[in-house]
Amino acid sequence: MSRISFQVNDRKISAPEGMSLLGACLNADIHIPHLCYMEGMTEPPASCRLCFVEIEGRREPVTACTLPVRSDLKVRTDTPAVRRLQRTALRLLLSVHHVDCKHCIANYKCELQRTARFLGIGLKPKHLDHYSKEPEVDDTHPHLIHRPNRCVLCGRCIHICESRHGRAYIAMARRGFDTVLTFYGSTDAIDLPAPDCTACIDVCPVGALESKHGE
Amino acid sequence: MSPPDKRSRSAAYLALQETALQEQEEHAETGGPVIHIGLATCGIAAGALETRHAFEQVLAERKIPARIHPVGCLGHCYAEPVVIIDHPDSGFPPIFYHEVTPGKAKMLARLFLEEGDPRFEHVYGAMKPNDLIPSVMEFSRFSREHRVVMEKCGRIDPGDLNEYIAEGGYRALDAVLRMDPGQVIETVTASGLRGRGGAGFPTGLKWERARTAFGDKLVICNADEGDPGAYMDRAIIESDPHQVLEGLAICAHAAGAGEGGIYIRSEYPLAVRIITRAVEQARQAGLLGKNILGSGIDLEVTVFQGSGAFVCGEETGLIQSMEGRRGMPRHRPPYPVSRGFQGRPTVINNVKTLAYLPLILQRGAEWFRSLGTEHSPGTAVFSVVGDVVHPGLVEIPMGVTLRTLIFDICGGIPKHKGFKAVQIGGPSGGCLPESFLDIPIDFDSLTEAGAMMGSGGLVVMDEATCVVNVSRYFLDFTQKESCGKCTFCRIGARHLLDILTRITCGNGRDGDLEQLERLSRDIKQGSLCGLGRTAPNPILTSLAYFREEYETHVQDGRCPGMMCRPLTAFYIDLEKCARGCDACATCCPTDAVFTTSTRKKGIDLDTCVKCGECVTACPPEYDAVRRVSPAHLAPVVERPAEPVESAADKPENREAP
């Protein structure tokens, strides 16, 4: 497959044809904050709205995960407009996040912590009220403990479940602000294809999913 | 393209046309009066079914040889239920009657149909110019409109395919089927038709892209109309479904699709029924299905019901929903014309866009271009609602000003109140003040003003409206209807709503307005789909044009429109209150009205829920109940420690029936 080279922040990088700009930048060690994107995704959900970049010739910042690489691209990943959108998105996510890092399994490896450090903002956003969902813990699943107030609804768990088992055993339910993960009410382990599969836990960027059976 | 002459019509079409014309002739030969009743959802809601029943009863009882002709919606919501009586033997032209209750229906059947007395006091107008009765065309609500896409609405029976064919229906399709698809697209491109779903994308260009795309193609009619206060797509489907189907078939031929779908919301049960029946009729008549009109071209059409998510009106959300998934929009590109339903190239057009097609193909691109403006040719259909005298569906050429639409055509603001604002384009549109009344209505001017054409909802607001509260209402709607996928829309819209709710409750804080602006701007830029990208429009426009109103809410706790309940209070003007009158006290649901020591009335502000019942109850000659904002301006009247005996409390009055 042919490689395409293009310019990011005054650097020339190259990537295979058909790759997304986000994937190419990450491969070249140019960090762009992201939560919902995973390597190898053909159609990223583009739902976390963090991976904004500015492309020369475009009026507004665009998401890097949805943009295939092209040779004429001139990309900037750190303009004020990009940072403003990224910071707002992260603040919004944090305004519904139960910040209690000390007791969280994702502490030190959490994408939210990492992104907040990268963007230089605190974990408790000012000027925004904080909202919590009820219940705090959803433990209806036979193997999983889900914490909606940690979840960022990136959809990685759904994506990995579908690619591992042919169909997703996790989905999103309800609408708007009340959107939560659901397990289709599968409380019985017999409904599940592989009881020892922990793919969803492994890909969760924030520790919203935990195994009931310990590490 | 010149109108097709008779030679160019197919044998199959000519046969259908003959049957249709024969049926018309039979009706004409039978003679007798015809009663046209508007039986679309709007008419039914106003009681048209009861009206029809009343007519049926009287006709049967008194053996009057009249025919009831169910029609769709004429668009005159203020006049529903609408009945047009065509009684040729009486010597009168067809007469338009408004608000025909069952009682009125029985009276008209007896006096007009039997005795030939049209009851002038109930006549709204005649449908044709004549010497006896003023014609409806003398009213600007009728004469200033220019009906193109709604030409047949309210005149034909939506359940009768023959009536549509007799009016020249499916003639355009017949001609198109023997044209090269490229030629069809050329005509549509030349006409300058832009998508009527809201964004105004050139229809011809969309089709061209679909035609050149590779794969098994599909066309879909988007009838998932969901804006609050917008109902023109429903009215068109309920009044003239075959015109939409014909448009869909034309679109399918141009794009090279063998399959079509109609995505309609299930909250429109009557429209679903009518379009499903229309598809069946067309299939049986050979207008859909295999080998349409003997042309060798196939088109299978299925009706798909949406399940009530507003966001499924967005085309990628609609596709997800049709595929059986959660209705969540995805990133575009790829656009549906290159990758849509099940990965196939999919053309999605709005109901109105499709309904224009038979007319454009029949009358030519030049004719369409002669209407409207250069960049927005054709007409626009608006559902004008809110504080106007004559609400309803209005079809006007593009380029007419808002002032003409609201004041000249729809009769202006009722009750001698002043105009305050107009919300165009529903929850995605903007709130425009009086200074914008003279801008022409077209895609580009409205977008420039910060509003948008949207699907055509237009809410007029009088001076007693609080724009903050209106913004809150629309945000509440979009916030609930967000699919929850992307961060900005899911969480951002909730924060916006929360700030607006706070302001309307009198708990606004310093910096709230700046926060609203900042957040709105980011949501607009950062959201994934059109819903999120347009959701802050009501806030951004109202903040731009009515900022002082927001400021008075936050700084003075005052609501100039007197709409925000926590910021207002009721009191009774003791100068005007009549001694011994109990009108307000008896209607108060919380017993907040008490009798003062002077036997006048006072309102206990702690118990009052500010429902406004007392304002309605107070006799106009006293007009003593006042509403003020901020709430602390209401004079405090002490409730007497001992209840003063009022007229209603006296035993002899209590017994009164």
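The values are calculated or read from the model by the stated rules, or taken from the named source; none is laboratory data. Computed from a predicted structure; not experimentally measured. When we count neighbours, we look across all protein chains shown, and the Cβ atoms used for this are built from the backbone with ideal geometry, even at glycine. When the accessible area is computed, the model is the full protein with side chains, heavy atoms only, and any ligands, DNA or RNA have been set aside. Shrake-Rupley method; radii C 1.70, N 1.55, O 1.52, S 1.80 Å.
Taken together, B:PRO657, B:PRO643, B:PRO651, B:PRO620 contain a single residue that is at pLDDT 85 or above and either open to solvent by 50 Å² or more (accessible area, probe 1.4 Å) or not assigned by TED's automatic domain parsing to the domain that holds B:THR552 (or both), which is B:PRO620.
A single member of A:GLY207, A:GLY155 is touching a residue at least 12 places away in the same chain (Cβ under 8 Å), within 12 Å of another protein chain (Cβ to nearest Cβ) and either surrounded by 15 or more Cβ atoms within 10 Å (Cβ to Cβ) or farther than 16 Å from A:CYS48 by Cα (or both), and it is A:GLY155.
Among residues belonging to the range B:410-431 that are of a type outside the set (Lys, Arg) and surrounded by fewer than 23 Cβ atoms within 10 Å (Cβ to Cβ), point out the one that is nearest to B:CYS529 (Cα to Cα).
Kept after step one, since they are of a type outside the set (Lys, Arg), are these residues of the range B:410-431: B:410-414, B:416, B:418-419, B:421-431.
Then keep just the ones that are surrounded by fewer than 23 Cβ atoms within 10 Å (Cβ to Cβ); that gives B:411-414, B:416, B:418-419.
Working: B:GLY411: 37, B:GLY412: 36, B:ILE413: 36, B:PRO414: 38, B:HIS416: 41, B:GLY418: 37, B:PHE419: 33 Å.
If we take residues in the range B:410-431 being of a type outside the set (Lys, Arg) and surrounded by fewer than 23 Cβ atoms within 10 Å (Cβ to Cβ), then B:PHE419 is nearest to B:CYS529 (Cα to Cα).
Determine whether the range A:61-77 contains at least one residue that is surrounded by fewer than 23 Cβ atoms within 10 Å (Cβ to Cβ), free of Cβ contacts under 8 Å to residues at least 12 places away in the same chain and more than 12 Å from every other protein chain (Cβ to nearest Cβ). No: the range A:61-77 contains no residue that is surrounded by fewer than 23 Cβ atoms within 10 Å (Cβ to Cβ), free of Cβ contacts under 8 Å to residues at least 12 places away in the same chain and more than 12 Å from every other protein chain (Cβ to nearest Cβ). Quick one: A:PRO125 ticks every box in (1) more than 26 Å from A:ALA24 (Cβ to Cβ); (2) more than 14 Å from chain B (Cβ to nearest Cβ); (3) more than 17 Å from the chain's Cα centre (by Cα) except a single one, so which number is it? Going through (1) more than 26 Å from A:ALA24 (Cβ to Cβ); (2) more than 14 Å from chain B (Cβ to nearest Cβ); (3) more than 17 Å from the chain's Cα centre (by Cα) one by one, A:PRO125 breaks only (2). Here is the figure for the range B:37-64: residues that are in contact (Cβ under 8 Å) with a residue 24 or more places away in the chain and either over 11 Å from B:VAL100 (Cβ atoms) or assigned by TED's automatic domain parsing to the domain that holds B:VAL272 (or both) total 12. Across the range B:445-478, the qualifying residues are those that are within 14 Å of chain A (Cβ to nearest Cβ) and surrounded by fewer than 24 Cβ atoms within 10 Å (Cβ to Cβ), and the one among them that is nearest to the chain's Cα centre (by Cα) is B:PHE477.
Only one entry in B:VAL188, B:VAL149, B:VAL184 is of a type in the set (A, V, I, L, M, F, W, C) and closer than 23 Å to B:ARG234 by Cβ, namely B:VAL149. Taking the range A:35-53, which residues are open to solvent by less than 10 Å² (accessible area, probe 1.4 Å), assigned to a loop (DSSP other than H, G, I, E, B), among the aliphatic types (A, V, I, L, M) and touching a residue at least 24 places away in the same chain (Cβ under 8 Å)? Within the range A:35-53, A:LEU35, A:LEU50 meet the criteria. For the range B:207-219, state whether one or more residues are hydrophobic (A, V, I, L, M, F, W, C), assigned to a strand (DSSP E or B) and either more than 24 Å from B:LEU458 (Cα to Cα) or in contact with a Cys (Cβ under 8 Å, 6 or more places away or on another chain) (or both). Yes, the range B:207-219 contains a residue that is hydrophobic (A, V, I, L, M, F, W, C), assigned to a strand (DSSP E or B) and either more than 24 Å from B:LEU458 (Cα to Cα) or in contact with a Cys (Cβ under 8 Å, 6 or more places away or on another chain) (or both). Only residues that are open to solvent by less than 20 Å² (accessible area, probe 1.4 Å) and without any contact (Cβ under 8 Å) to a residue 40 or more places away in the chain were counted across the range B:527-551, and they come to 1.
Would it be correct to say that B:GLY192 is open to solvent by less than 10 Å² (accessible area, probe 1.4 Å) and on the phi > 0 side of the Ramachandran plot?
Spelling it out, it is not the case that B:GLY192 is open to solvent by less than 10 Å² (accessible area, probe 1.4 Å) and on the phi > 0 side of the Ramachandran plot.
Any idea which of (1) surrounded by fewer than 19 Cβ atoms within 10 Å (Cβ to Cβ); (2) within 14 Å of chain B (Cβ to nearest Cβ) is the one A:ILE170 doesn't satisfy? The one condition A:ILE170 does not meet is (1).
Yes/no per residue for (1) assigned by TED's automatic domain parsing to the domain that holds B:THR203; (2) part of a helix (DSSP H, G or I); (3) of a type in the set (Gly, Ala, Ser):
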site	(1), (2), (3)
B:ILE250	yes, yes, no
B:VAL272	yes, yes, no
B:ILE275	yes, yes, no
B:ALA278	yes, yes, yes
B:GLY286	yes, no, yes
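Every listed requirement among (1) under 16 Å from the mean Cα position of the chain (by Cα); (2) open to solvent by 20 Å² or more (accessible area, probe 1.4 Å); (3) within 13 Å of chain B (Cβ to nearest Cβ) is met by A:GLN113 save one, (3). Could you grab me the full set of residues in the range A:158-192 that are polar (S, T, N, Q) and either under 19 Å from B:ARG330 (Cα atoms) or free of Cβ contacts under 8 Å to residues at least 24 places away in the same chain (or both)? A:SER163, A:THR179, A:THR182 - these are the residues of the range A:158-192 that are polar (S, T, N, Q) and either under 19 Å from B:ARG330 (Cα atoms) or free of Cβ contacts under 8 Å to residues at least 24 places away in the same chain (or both). Considering the range A:11-25, and only residues there that are open to solvent by 50 Å² or more (accessible area, probe 1.4 Å) and away from every other protein chain (no Cβ under 14 Å), the residue that is nearest to A:ALA116 (Cα to Cα) turns out to be A:ARG11.
Residue count for the range A:79-105, restricted to those that are more than 10 Å from chain B (Cβ to nearest Cβ) and aliphatic (A, V, I, L, M): 3. Taking the numbered list (1) within 30 Å of B:VAL394 (Cβ to Cβ); (2) facing another protein chain (nearest Cβ under 10 Å) in turn, B:THR487 passes all entries but (1).
Can we say B:ALA493 is in contact (Cβ under 8 Å) with a residue 24 or more places away in the chain, within 14 Å of chain A (Cβ to nearest Cβ) and either under 22 Å from A:HIS127 (Cα atoms) or assigned to a helix (DSSP H, G or I) (or both)? Answer is yes for this residue. Can you find, within the range B:300-312, the residue that is least open to solvent (accessible area, probe 1.4 Å) among those that are touching a Lys or Arg at 6+ places or on another chain (Cβ under 9 Å) and either within 24 Å of B:GLY256 (Cα to Cα) or of a type in the set (Phe, Trp, Tyr) (or both)? Going through the qualifying residues, I end up with B:VAL301.
When B:HIS331 is tested against (1) surrounded by 21 or more Cβ atoms within 10 Å (Cβ to Cβ); (2) in contact with a Leu (Cβ under 7 Å, 6 or more places away or on another chain), only condition (1) is not met. In a helix (DSSP H, G or I), open to solvent by 10 Å² or more (accessible area, probe 1.4 Å) and within 11 Å of chain A (Cβ to nearest Cβ): does that describe B:ARG509? Here the answer is no, as B:ARG509 does not meet what is asked.
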